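*Asks:* The structure is given below, and queries will be raised subsequently.
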Amino acid sequence: MIGGLVLAAGEGRRFGGPKLAAELDGVALLDHAVAAMLGVPAIERVVVVLGAHAEEISARADLGAVEALVCEAWSDGISASLGAGVEELGGAEAIVVTLGDQPFVTAQVIAAIVDQLDGRLPAARATYDGRPGHPVLIKRALFEQVRSLRGDEGARDLLAAAGVQELECGHLCRPEDIDTPEDLEAARRQFVAMG
């Protein structure tokens, strides 16, 4: 089984509140990340890790086709929500990880990263103009190390040490995330332009 993991536990401090519940193109911001994950047939189980503002986000986002998991330790940083998701999907052969605040990451990009599963390295990740980003594919060999991560750094150093296959995806999507109300307005303009 390949699991899908959408990290959506952050506080949204720079946004000033529950940004993943904010409207973008007629739906909650989080819905874009969920829809992209659900659009990849190879992914058999999708878990969304909530934390801060879990009730408000759950009320506004369409999470009916995925499993929502609340990480009580969300304030410990991204490593806590990543670890909770990996724990929940521990029986998977591999897990592909995306971020709930990146509405332009598409199912096509996620599928391209999933296609790296047969590579010899224990992880794969998208890069954008050579800069590492999401989605990230983590194979079972790294699950225990991921669960032991602490703080707000994520798995970047772990992946670099273990070896990660990089796949340039800048031609497939835009990696911008929504951190501020201004970012959301820019994304709304982009969705209008995309028609």
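*Asks:* Only residues in segment 33-44 that are in contact (Cβ under 8 Å) with a residue 24 or more places away in the chain and of a type in the set (D, E, K, R) count as the first member; pair them with residues that are loosely packed, with under 15 Cβ neighbours inside 10 Å and not in a helix (DSSP H, G or I), Cβ under 9 angstrom, at least 6 apart or cross-chain, and list the lot.
*Replies:* Cβ pairs passing all conditions: E44/M1.
*Asks:* Where residues in segment 65-85 are out of contact with any strand residue (DSSP E or B) (no Cβ under 6 Å at 6 or more places or on another chain), touching a residue at least 60 places away in the same chain (Cβ under 8 Å) and among the hydrophobic types (A, V, I, L, M, F, W, C), which of them is nearest to G3 (Cα to Cα)?
*Replies:* Selected residue: L82.
*Asks:* I've got another one for you. Select from segment 57-97 the residues that are polar (S, T, N, Q) and over 23 Å from G133 (Cα atoms) and list them in ascending order.
*Replies:* S58
*Asks:* Look at segment 132-152 and say how many of its residues are within 19 Å of I110 (Cα to Cα), surrounded by fewer than 20 Cβ atoms within 10 Å (Cβ to Cβ) and either aliphatic (A, V, I, L, M) or free of Cβ contacts under 8 Å to residues at least 40 places away in the same chain (or both).
*Replies:* Within segment 132-152, residues that are within 19 Å of I110 (Cα to Cα), surrounded by fewer than 20 Cβ atoms within 10 Å (Cβ to Cβ) and either aliphatic (A, V, I, L, M) or free of Cβ contacts under 8 Å to residues at least 40 places away in the same chain (or both) number 1.
*Asks:* Hey, can you tell me all the residues within segment 166-182 that are under 22 Å from A21 (Cα atoms) and either touching a strand residue (DSSP E or B) at 6+ places or on another chain (Cβ under 9 Å) or crowded, with 18+ Cβ neighbours inside 10 Å (or both)?
*Replies:* Hits for segment 166-182 are R174, P175, D177, I178.
*Asks:* Filter segment 1-30 for residues that are out of contact with any Phe, Trp or Tyr (no Cβ under 6 Å at 6 or more places or on another chain), outside any strand (DSSP E or B) and either more than 18 Å from T180 (Cα to Cα) or among the small types (G, A, S) (or both) and give the result.
*Replies:* Correct list: M1, G10, G12, G16, G17, A21, A22, G26.
*Asks:* Report, by residue number, each residue of segment 162-186 that is touching a helix residue (DSSP H, G or I) at 6+ places or on another chain (Cβ under 9 Å) and among the small types (G, A, S).
*Replies:* Result: A162, single match.
*Asks:* Might you check whether a residue that is closer than 24 Å to Q190 by Cα and surrounded by fewer than 16 Cβ atoms within 10 Å (Cβ to Cβ) occurs anywhere in segment 26-34?
*Replies:* yes
*Asks:* So which of V105, V114 ends up being crowded, with 22+ Cβ neighbours inside 10 Å and among the aliphatic types (A, V, I, L, M)?
*Replies:* Only one candidate qualifies: V105.
Every number in this text was worked out from the coordinates using simple rules, so none of it is lab data. Since the structure is predicted, the reported quantities are computational estimates derived from the model, not experimental observations. As a convention, Cβ positions derive from the backbone with ideal geometry for all residues, glycine included, and neighbour counts pool all protein chains shown.
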